[in-house]
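The values are calculated or read from the model by the stated rules, or taken from the named source; none is laboratory data. No experiment lies behind these values; they were computed from the predicted model shown. So basically every Cβ, Gly included, is an ideal-geometry build from the backbone, and we count neighbours across all protein chains shown. Only protein heavy atoms, including side chains, enter the accessible area calculation; ligands, DNA and RNA are left aside. Shrake-Rupley method; radii C 1.70, N 1.55, O 1.52, S 1.80 Å.
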Amino acid sequence: MALKANLIRWHRWAGLAAAAFWLVQALTGVLIVFHWEIRDAFIPGAHRQTDLAAIERTVADLTEGSGARLGSIWTGAGAPDRYDVSITGDTPEADRSVRIDGAGRILVDGDYTGPAALPGTLVLIHHNLLAGDRGSWIVGISGVLLVTNILFGLCIAWPKRGQWGRTLRVQRKGPAAARHYSWHRALGLIVGIPALASITAGVLLTFSGGVETLVRPTPIPAPADAPAGTASVGLAAAAGTALAAYPGSTLAAVYPPDGEQPVWQIRVTQPDEARRAYGATRVFVSAVDGRILARFDALDAAPGRAFVDGLFPFHTGEMGGLAGRIAVAAIGVWLVTMTIVGVLLWAARRRRAR
């Protein structure tokens, strides 16, 4: 009984102390579940299928005569066949980011503005409160507090055998405190365990470095030696080779050869991957002769690597497709509801005590 009383006390005061912060995290989490699609909805432009040669020409135009070079290309992840091209200049001020369509036509040149910029801001608030590494630590610590609070709440609310039906039957009449408690307990028992799993994945993502140290996932097999010589294989040929290696896949990201190794790193998304937006399958293509030097198949990953790579799609719901993302949004709504009902329950009990 003393243990349960201490759990109740912790559950109550931890919830009240972090209520405002958890509301911000839950609301931003709900709003960014479909942030890729929301952002693209505010960027006009007809759909054009991916033309690798046209994209290569656009990249050449963006880097021509300026000393700039390609930094990376990533899929936009929202509307199909749209990409974010990062151009690295001689100075940080010369860096450039461009959104293009599949035919290489520029849709946005520079930072997103207006409504299209809002999803990105919400993502940063959710990840680090717009405060960099310090904000990430705050988010991670608050996430640990939330996980323990949900665990304690489940321990407190767990009914005895044969009392589940009565426990899940919410009270619609009577004193406010009794009604709030009925809803708080029933909702906690119904959604608490799925919410606990999703939020735990989010906490592990925040401390991803420590997780990888503990799990020690199999390293991605990057090529140890690459053929020396003049880099003559361009973006279109390298990306085409990678996509052909995994039929049905789509382009997720491109990293150009660096100064030390003339190797293209191409990231593709296979149809059955857990990560629907940014696939984890990688292909390393020689920029000298176009051969595949190494590859990593995300569908055949070792358990440790699969666990680490699966945290993000599990937390965002991508792993379950549209239904999974809707479920994650529902968990966010649940957390908002539980926080508000919990505060109302505490306020009602204070009024009754007075």
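Summary table
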quantity	calculated
Accessible surface, per residue, of region 219-354 when the full set of protein chains is kept, probe 1.4 Å, Å²	48 Å²
Region 202-258 and region 276-344: distance between their alpha carbon centers, rounded to Å	16 Å
Solvent-accessible area of residue 312 with every protein chain in place, 1.4 Å probe, in Å² to the nearest 10	50 Å²
Region 94-183, relative contact order [Cα under 8 Å, separation at least 6], %	11 percent
Acute angle (nearest 10 degrees) that the helix 176-206 long axis makes with the longest principal axis of the chain, alpha-carbon atoms	30 degrees
Helix-only [θ]222 nm of the chain, DSSP H runs n ≥ 4, -39500 (n - 2.57) each, per residue, nearest 500	-18000 deg cm²/dmol
Helix axis angle, 321-353 relative to the chain longest principal axis, alpha carbon, degrees	30 degrees
Residue range of the chain that is longest and free of GluC sites (Glu not before Pro) which are both DSSP loop and sparsely packed (at most 12 other C-beta within 10 Å)	65-259
Heavy-atom accessible surface of the chain: percent carbon and sulfur, 1.4 Å	61 percent
Solvent-accessible surface ranking, highest first, for 233, 144 at 1.4 angstrom	144, 233
Nearest-20 debye value, the chain charge dipole, Cβ charges on Lys, Arg, Asp, Glu	3620 debye
Percent of Cα pairs exceeding the 21 Å cut-off, where the set is region 124-190	46 percent
Solvent-accessible heavy-atom area per residue, rounded to whole Å², over region 1-144 at 1.4 Å	55 Å²
